[in-house]
Each structure stands twice: as C-alpha cells, then as structure tokens.
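Engineer: Provided herewith is a single structure, encoded as structure tokens, for subsequent inquiry.
The values are calculated or read from the model by the stated rules, or taken from the named source; none is laboratory data. Everything numeric in this text was worked out from a predicted model, so none of it was measured. So basically every Cβ, Gly included, is an ideal-geometry build from the backbone, and we count neighbours across all protein chains shown. Accessible surface areas use protein heavy atoms only, side chains included; no ligands, DNA or RNA. Shrake-Rupley method; radii C 1.70, N 1.55, O 1.52, S 1.80 Å.
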Amino acid sequence: MRFLLFLTIIIQVLNNSIGIFDEFKNCNTSSLSGVIKLFSIVRNEQKELNISPVHSLGVAFKTATFGMGCFWGAESLYGATTGVLRTTVGYAGGTKEGPTGDHTEVLEIDYDPNVISFKDLLHLFWNNHEYGLTTPIKRQYMSLILYHDEEQKTIAEQSKIEEQIKRSPEVITTEIRAKTNFYPAEDYHQKYRLQGHRDLCDTLNLNSKLLQTSYVATKLNGYLAGVGGFEQFKSEVDTMGLTPTQKEYCNYYVEKNEGQGLYC
C-alpha cells in the first residue's frame, strides 16, 4: 500500500512538471505565472517526497585559494569539477583590512582530497585564466596562488616551474604567497551564474550565508553555466537533493548551455 501511494505521488508530480517545462522551453520562465507555478510544484514535491536541497555533504575537506581573473568564471569552472564541495568568491592578498583596497579577486575552494588533489586543481588553474597568466595586469585581476600550508606551497612552486618550461619564452606572472586574509564578496557576486536562474534559486532556500557555503549551489553554478557537461551532471545530480521538477529544469539548461564560454 505504501509503495502504491509513493508511486502515485511520483506520477502526479511528474505530470505536473510537464506544463511548466513547456513554459521554460518557450522562454516564458521570467513570467510571474511561470515562477509561481515552479515554486508551487517544487514545494509540493519537497513536502510529499521528503526531499530538500543538500547544502553540505559533511565530508572532510581541504581548501585552496586562487586568483585567475574575473572570479565569476573561475567559480563556475571549479563548481562543476568533481570533488569540489564549496566555492566562495572574495578578495584577498592585499595589505589593507576589509574587502576594499589593494586586494585581488580570488576564489576559495573546499575540495575532497580523496577525490581530487591540489595538483589537479592547479592543472585547471594554469589552463583557464581569463587574461592574466603571462600578461602583466592590474592587481585586481592578477594571477595568484595563496597557499594554506607548506605542502601546498611546495606543490605550487614546483608546478609553476614545470608550467614555465611549457610556456617559454612567455613569462608566467603568477605570484605564490601565504594566505593571510580572505574577505567574501558581496552577495550579488556569489554563484553569479546560478543567480541568473532566480526561480530555481527561490526553491533552493538560499540565503546570504548559503550563497557562500551551499554544496548544491556550488555545483549548479557550474553546470548551469555549461561547465562539466550533461553526462557528468547526470552522474552527480542525485547528490544535490533536487526534486523531479528541479532536475528537469536543470537537465534542460545544462544540456542547452554545454560548451558555452566560461568568461564574460
């Protein structure tokens, strides 16, 4: 009996989602009726199916901090990387207290070292700068590695030597320094690509703190921007705590945006 009831609920929510996704595909997602309909359907699914967004996986992690140009693109790049648990954009590396002044735009990354290594993160770092890897640029967008311990320092310095050999005669401008400060950026900078999907964000229960710390927000900020690809998204989506309607919404935009440019 319980199984039949559960199956009935699943059929109902899937049927209800069909109409709203016709609106998405016809570019009517910004309409008030579309937003209200999505919100209502997802809230019903969350209640009936006992599903809620996963904001933390509760696993041990290490942290890396990189500056590689505009932090919007970098946050999407790492967000859709398997093994990354949290991303937060902010300002660091300067001498003044507070987020204003002589700081650099950076990305702070929590990652599971059992899934991805610091060296793997550096491979993405070297190959996905917006413009500042070998071209001198103002401090706001400079190439920067802020190490959190001596092991990271050693790996970063050796990695830079190896990368310099590959890129010679160009000269890598990346600075490697100890992390001494970090100031989270304003809310409108956090998960910038995800926040373009306001209707979806409303159903994820995101507040100011969760914009900086949420696992599901981190992953969707990357995948919805076209990073990672549809097949990889399907392999991770069940870890995010999404309802059937949220999954269908994300499936549509992940597939639609796959391969688009990372930087603005």
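Engineer: So what J values fall out for the range 76-88 if you push phi through Karplus, 6.51 cos²θ - 1.76 cosθ + 1.60 with θ = phi - 60°, rounded to Hz, Gly and Pro as x?
Structural biologist: In residue order, the calculated couplings are 5, 4, 6, x, 8, 8, 4, x, 7, 9, 8, 10, 9 Hz.
Engineer: Moving to a separate point now. Could you name the aspartates and glutamates whose alpha carbon sits less than 18 Å from that of Lys62, not counting residues in the same chain fewer than 8 places away?
Structural biologist: Partners found: Glu75, Glu108, Asp110, Asp112, Asp120, Asp149, Glu150, Glu151.
Engineer: Given C-alpha coordinates of the range 62-184, what is the ratio Rg to Rh with the Kirkwood estimate of Rh? Write out the running numbers ahead of the final one.
Structural biologist: Details: Rg = 13.4 Å, Rh = 14.3 Å.
On the Cα set of the range 62-184, Rg over Rh gives 0.93.
Engineer: Follow-up. Can you pick out the pairs among Lys138/Lys179; Lys37/Lys234; Lys96/Lys138; Lys219/Lys247 whose Cα atoms lie more than 23 Å from each other?
Structural biologist: Pairs exceeding the cut-off: Lys37/Lys234.
Engineer: Given R₀ = 30 Å, what would the calculated FRET efficiency be for Arg43 paired with Thr82, taking r from the Cβ atoms and rounding to 0.05? Can you show the working numbers first?
Structural biologist: On the way: r = 30 Å, r/R0 = 1.00.
It comes out at approximately 0.50.
Engineer: Taking the mean number of other Cβ atoms within 10 Å as a proxy for protection, how do you rank 190-198, 48-56 from highest to lowest? Could the numbers behind the result be given before it?
Structural biologist: Working: 190-198: 20.8, 48-56: 15.0.
Ranked from most to least packed, the peptides come out as 190-198, 48-56.
Engineer: Over the chain, with the other protein chains present, what is the accessible area per residue in square angstrom, probe 1.4 angstrom?
Structural biologist: Heavy-atom SASA per residue in the chain reads 49 Å².
Engineer: Okay, moving on. Quantify, in whole percent, the carbon and sulfur part of the accessible surface of the range 62-184 (1.4 Å probe; protein heavy atoms only).
Structural biologist: It is 51 percent, rounded to a whole number.
Engineer: Same structure, new question: Over all Cα pairs of the chain, how is the pair count split among 10 Å bins, expressed in % and running from 0 up to the last occupied bin?
Structural biologist: 7, 28, 32, 19, 10, 4, 0, 0
Engineer: Using only helices, what value at 222 nm comes out for the chain when you add -39,500 (n - 2.57) per DSSP H run of length 4 or more and divide by the total residues, to the nearest 500 deg cm²/dmol?
Structural biologist: One gets -14500 deg cm²/dmol as the mean residue ellipticity at 222 nm.
Engineer: Can you work out the FRET efficiency for the pair Asn205 and Thr154, with r the C-beta to C-beta distance and R0 = 45 Å, to the nearest 0.05? Write down the numbers at each step before the final one.
Structural biologist: Details: r = 41 Å, r/R0 = 0.91.
About 0.65, to the nearest 0.05.
Engineer: Give me the extension gain from Ala178 to Val115: residue separation times 0.36 nm, minus the current Cα-Cα distance, reported in nm with one decimal.
Structural biologist: Net length gain for the segment: 20.2 nm.
Engineer: May I pose another question? Dipole magnitude of the chain about its Cα centre, charges +1 at Lys/Arg Cβ and -1 at Asp/Glu Cβ only, in debye to the nearest 20?
Structural biologist: 300
Engineer: Something else now. Could you work out how much longer the chain between Glu248 and Glu162 gets when fully extended? Use 0.36 nm per residue separation minus the Cα distance between them, nm to one decimal.
Structural biologist: Values: separation 86, 0.36 × 86 = 30.96 nm, distance 4.32 nm.
Extra length available between Glu248 and Glu162 comes to 26.6 nm.
Engineer: Top to bottom by accessible area (1.4 Å), largest first, where do Thr81, Thr173, Thr218 land?
Structural biologist: From most accessible down to least: Thr173, Thr81, Thr218.
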